[in-house]
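**Q** Supplied in structure tokens, the structure appears directly below.
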Amino acid sequence: MDWAAEYARLLGGYQGDWRDQSLCRDMDNTLFFPDRGSVGRKALAVCKGCPVRYECLEFALGTEQAHGIWGGKTARERALMITMRKNREKQLRMMTEGLENSE
């Protein structure tokens, strides 16, 4: 799959939301999909100064983007964040169920 093209599709075609304010909107998309084993420092530097970095990260986490740099985080960092979020949600469900069963 051409991840840079997918990135362009996801960023393009939206009006009036966070994507309109992203610093990367008109940049070369391949910058945000570094070669395997590469960190993508240039992309991370762009994200660091982006006014919608957190919205971008939340989008990537919510849609479980498996490739590229989103919101200043690598795919590996986001995968860890998604796992942590799911574990936290599971713990909260278990705690809530435990409280309901004790009443």
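The values are calculated or read from the model by the stated rules, or taken from the named source; none is laboratory data. All values reported here derive from a predicted model rather than from experimental measurement. Glycine also receives a Cβ, built like all others from the backbone with ideal geometry; neighbour counts cover every protein chain displayed.
**Q** Going residue by residue through region 92-100, is there one that turns out to be under 24 Å from Asp17 (Cβ atoms) and surrounded by 10 or more Cβ atoms within 10 Å (Cβ to Cβ)?
**A** no
**Q** Here is a further query. Could you check region 77-93 and list, in sequence order, the residues that are among the acidic types (Asp, Glu) and either closer than 12 Å to Leu61 by Cα or in contact (Cβ under 8 Å) with a residue 40 or more places away in the chain (or both)? Let's see the steps before the verdict.
**A** Quick first cut of region 77-93, residues among the acidic types (Asp, Glu) only: 77, 89.
Result: Glu77, single match.
**Q** Same structure again: What pairs come out if I take residues in region 60-76 that are part of a strand (DSSP E or B) and pair them with residues that are aliphatic (A, V, I, L, M) whose C-beta lies under 9 Å away, six or more apart or interchain?
**A** Filtered contacts from region 60-76: Trp70/Leu57; Trp70/Ala60; Trp70/Leu61; Lys73/Leu44; Lys73/Leu57; Lys73/Ala60; Lys73/Leu61; Lys73/Met81.
**Q** Name the residue that is nearest to Glu89 (Cα to Cα), counting only residues in region 44-74 that are small (Gly, Ala, Ser) and surrounded by 18 or more Cβ atoms within 10 Å (Cβ to Cβ).
**A** Ala60
**Q** Within region 15-24, take every residue that is assigned to a loop (DSSP other than H, G, I, E, B) and either aromatic (Phe, Trp, Tyr) or modelled with pLDDT of 90 or more (or both) and give me the one that is surrounded by the fewest Cβ atoms within 10 Å (Cβ to Cβ). Full working, then the answer.
**A** So in region 15-24, the residues assigned to a loop (DSSP other than H, G, I, E, B) come out as 15-17, 22-24.
Within this subset, residues satisfying the condition of being either aromatic (Phe, Trp, Tyr) or modelled with pLDDT of 90 or more (or both) are 22-24.
Working: Ser22: 20, Leu23: 15, Cys24: 20.
By that ranking, first place goes to Leu23.
**Q** Would you pick out the residues in region 67-96 that are of a type in the set (Val, Ile, Thr) and at pLDDT 90 or above?
**A** Ile69, Thr74, Ile82, Thr83 - these are the residues of region 67-96 that are of a type in the set (Val, Ile, Thr) and at pLDDT 90 or above.
**Q** Give the residues of region 26-58 that are basic (Lys, Arg) and either on the phi > 0 side of the Ramachandran plot or at pLDDT below 90 (or both), sorted by residue number.
**A** Matches in region 26-58: Arg36 only.
**Q** Also, I was wondering about something else. Is it the case that some residue within region 26-35 is touching a Leu at 6+ places or on another chain (Cβ under 7 Å) and over 17 Å from Leu80 (Cα atoms)?
**A** First pass over region 26-35, keeping only residues touching a Leu at 6+ places or on another chain (Cβ under 7 Å): none.
Within region 26-35, not a single residue is touching a Leu at 6+ places or on another chain (Cβ under 7 Å) and over 17 Å from Leu80 (Cα atoms).
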